[in-house]
Structures are given as C-alpha cells and as structure tokens.
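Report on the structure given below.
The values are calculated or read from the model by the stated rules, or taken from the named source; none is laboratory data. What you see is a predicted model, and the numbers here were worked out from it, not measured in a lab. In this analysis, Cβ positions are derived from the backbone assuming ideal geometry, glycine residues included, and neighbour counts consider all displayed protein chains. Quick note on the areas: whole protein, heavy atoms, side chains included, nothing else; ligands and nucleic acids left out. Shrake-Rupley method; radii C 1.70, N 1.55, O 1.52, S 1.80 Å.
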Amino acid sequence: MIPFLDLKAPHIELRDEINAAIDRVVSSGWYVLGPEVEAFEAEYATYCEASHCVSLANGLDALHLALRAMGVGPGDEVIVPSNTYIATWLAVSQCGATPVPVEPVEATYNIDPALIEAALTPRTKVVLPVHLYGQPADMDPILAIARKHGLRVLEDGAQAHGARYKGRRLGAHGDVVAWSFYPGKNLGALGDGGAITTNDAELADRIRVLRNYGSRAKYVNEVQGFNSRLDPIQAAVLRVKLKKLDEWNARRASLAAQYLRGLADSGLVLPQVPVWASPVWHLFVVRHPQRDTLQEHLTGAGVGSLIHYPIPPHKQQAYAYVNWPLDPFPLASRMAKEVLSLPMGPHLELSKQAAVIGAIDSYV
C-alpha cells in the first residue's frame, strides 16, 4: 500500500532532535507559554518575513481571533472563497458575522479577485483569501480592492508554509496571515497548533491578549478572551521541523514536477501554476469527471488518495439555514465532484510515485 501521506517518516528522520527538544521542555518545568513558545514565535516570524508571530492552539483559532482583533462581529460580512475547507467559514460565523462566498479561478482553485468587488456591501469588513493546496492566491489585486474600500485582509495560510508570492514569502502581504500546524501540514506539530504572523504591532497585541483569557498580566482581564495557547512541547517540535521546512518543500516541488511530467498525457486536469507563484505543494490535486471510479481503481491498486473537499461549505448541513438558491456556486460544486489528491509528501519515494503514475495510466 502506498499511503496518501506518511506521518511517521518525518519523525523517524528527526527522531533524536525531536526527542531532545521534548526532553528540554519536560525538564524545564514550564508547560504553558514561556521561553520555548517565545523562541518559536521569533523564529517563525523571521522565516515568514514578518515583524510579529503570535502562536495559538490551532488554525481555526488563528482565523477566529484574528477576525475578532480586526473588530469583526454580528452584522458584519467577510468575503470568503466558495472553494475551501469549512474552517475558513467557521471562523467568520464564530464572530457572529456572515461569510460571503466568492467563486475561484478554475485554473488555480483560489478565490477570483475579479469577482470580489461585486460581492462587497456596506457591511463588508474583511476579505479572507485562502492559499489553497499550498499555492498563493493572487494578492495584489485583492489588496488593491481592500485598500480602495477601506477593508482589512486576513490570509488563510494553513496549507502554504513557505510559499512565495512574486518572490516574497507569505507572512505579511495582508494585515494578518493565519497558520495551522496540524500534523499533516508542511510544517506540522505532533498535535494541534496554530499561529498568526503580521507586521501590525497593534493587531498582534490584541490577538496575544485574546488568546490568554483577555489578559496580559495575571488575574487582570482587559477583555473577554479565550484560552488558545500553543503548547511548549509543540513549539519545541516545530522549532526542529522549521529548520527542515525549505528542504522538505523542495522535495515536494520535485515530486510535483515529476507528476506534471508523468501525467501530462493522462487526460487528468493537472495543477496550473501562475508565473508569479512559488507553491509548496501541500497537496497535488488533479481532476477527473469520473473521480470516484478513478479513486476506487487507485485503491484497488494499493494507492492511497483523498478528496479535498467532497462537500463545499455552502452544501454542508452547518450552513443549511442560509437557504441558498438551487446552486449559487456551481464551480465550487463541480470541483468538489472532480478533485482528487494524490500521494504527496517529502518522504514519498520516487519508486512509489512511479507506481502511482502507472496506476493512473492503467485507468485512463
């Protein structure tokens, strides 16, 4: 069996360093926030070419608290992609605000900047693009629209650690970037974790207070906050893995190039990369009109695959109360029926990748 993703392999490669990092935290006696978390925040901010990093318990909290720090609340609207993981929408709803979906560019799966302005209303407060599958969204036109209308921009970078837009690493193009360190991410912890990066000191400070019960001094609570703090053990593990991130991303890029060559005549719809984008290939997503039968064939051939994502947010039961028209977002719906993610990760062996390509060739 060729797994979709091998989560044991990164640990095996870095076992000694990870074990030493964990032991360092356990021996320190400091188990909430503290120097290990502060060190990771400083290192990740530098890596992202940003002035500030605030670590959090998970990626959803990173989105949610960033929106709250921007003043988003009941009655407000936030522009979101129609084609994304539901967490992007949930963060908006958790603020009491309304997610306003915009369809993607079909070639890149990311939000279409040309459609954003038509979706704005007097209640719009934030534009929330997602760097889906590890490929940057087209930020310049998005930022131009936001500046024109006096809006904030929150980027969802949960799948794009290390990606570059027009040569500059993602981390502070907009007002805030929200990150997830879920184990399967390019930079993954050994459990949940998240962070934001920003060049805005005031926003960073607000999020830092919100994550810690609304407090910056013990037992002094300035606002009604939350408990969303990155565990020092996870911070220590992430510090080890951060040193390998560029190397692992380069391995992913090499595998993606091989997929693009090997599947060029397969009949699949393959990923397209704009000239201004340097993706990190969190996922290698193809499309096929008979996706389900293709996936069954791959499973029978011992090849693991996943669907990201089988149900678009507007069709989820969680948002059934909206009473959408028949299908207001047909492109997102069609993508959900056709997309298939092939095995991808820095530890995927070339021989196994060749077997994946061979299994696809034997079907199409």
The range 1-90 shape via C-alpha gyration tensor axes, a/c threshold 1.5 = oblate
Ranking R252, R229, R261 from most to least accessible area with a 1.4 Å probe gives R261, R229, R252
Of the beta bridges DSSP finds with both residues in the chain, what % are antiparallel, to the nearest 5?
-> 60
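Let me know the longest stretch in the chain that avoids all GluC sites (Glu not before Pro) found in a DSSP loop with at most 15 other C-beta atoms within 10 Å. Spell out each step's value before the answer.
Numbers: sites that count: E49, E106, E222, E349.
In short, 223-348.
Using a ≥ b ≥ c from the Cα gyration tensor of the range 167-220 (square roots of the eigenvalues), is it rounded, prolate or oblate, where a/c under 1.5 gives rounded and otherwise the larger of a/b and b/c decides, a/b for prolate? Mind showing how you got there, number by number?
Working: a/c = 4.13, a/b = 1.29, b/c = 3.21.
Verdict is oblate for the range 167-220.
Using Cα pairs closer than 8 Å and at least 6 residues apart in sequence, work out the relative contact order for the chain, in percent. Mind dumping the intermediate values first?
Working: 747 pairs, mean separation 80.3, N = 364.
Computed value for the chain: 22 percent relative contact order.
Using DSSP to define loop residues, name the trypsin sites (Lys or Arg not before Pro) in the range 60-165 whose beta-carbon has at most 16 other beta-carbon atoms within 10 Å. Numbers along the way, then the final one.
Details: sites: R68, R123, K125, R147, K148, R152, R164; in loops: R123.
Passing sites in the range 60-165 are R123.
With a cap of 11 neighbouring Cβ atoms within 10 Å, and only residues DSSP puts in a loop, list the chymotrypsin sites (Phe, Trp or Tyr not before Pro) found in the range 213-318. List each step's numbers first, then the result.
On the way: sites: Y213, Y219, F226, W248, Y259, W276, W281, F284; in loops: Y213, Y219, F226, W276, W281.
Listed in order of number, the matching sites are Y219.
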Packing-ranked peptide list from 83-94, 126-137, highest mean Cβ count within 10 angstrom first, is 126-137, 83-94
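Nothing charged except the Cβ atoms of Lys and Arg (+1) and of Asp and Glu (-1): what's the magnitude of the dipole of the range 241-364 about its Cα centre? Round to the nearest 20 debye. Write down the numbers at each step before the final one.
Working: 12 positive and 9 negative charges, 74 e Å.
Taking the Cα centre of the range 241-364 as origin, the dipole is about 360 debye.
Please go through the residue pairs K185/K315; K8/K125; K243/K352 and name each one whose alpha carbons sit more than 30 Å apart in this structure. Provide the component values of the computation, followed by the final result.
Details: K185/K315 25 Å; K8/K125 42 Å; K243/K352 26 Å.
K8/K125, as the Cα separations exceed 30 Å there.
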Given a 1.4 Å probe and every protein chain left where it sits, what share in percent of the accessible area of the chain is carbon and sulfur?
-> 54
Percent antiparallel among DSSP beta bridges with both residues in the range 124-221, to the nearest 5?
-> 55
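Using helices alone, what [θ] at 222 nm do you get for the chain, with -39,500 (n - 2.57) per DSSP H run of 4 or more residues, divided over all residues and rounded to the nearest 500? Before the final figure, lay out each step's value.
Working: 13 runs with 140 residues, N = 364.
After summing the helix terms and dividing by residue count, I get -11500 deg cm²/dmol.
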Compare A107, A318, A62 in a GNM of the chain, Cα atoms joined below 10 Å, and give the one with the largest fluctuation.
-> A318
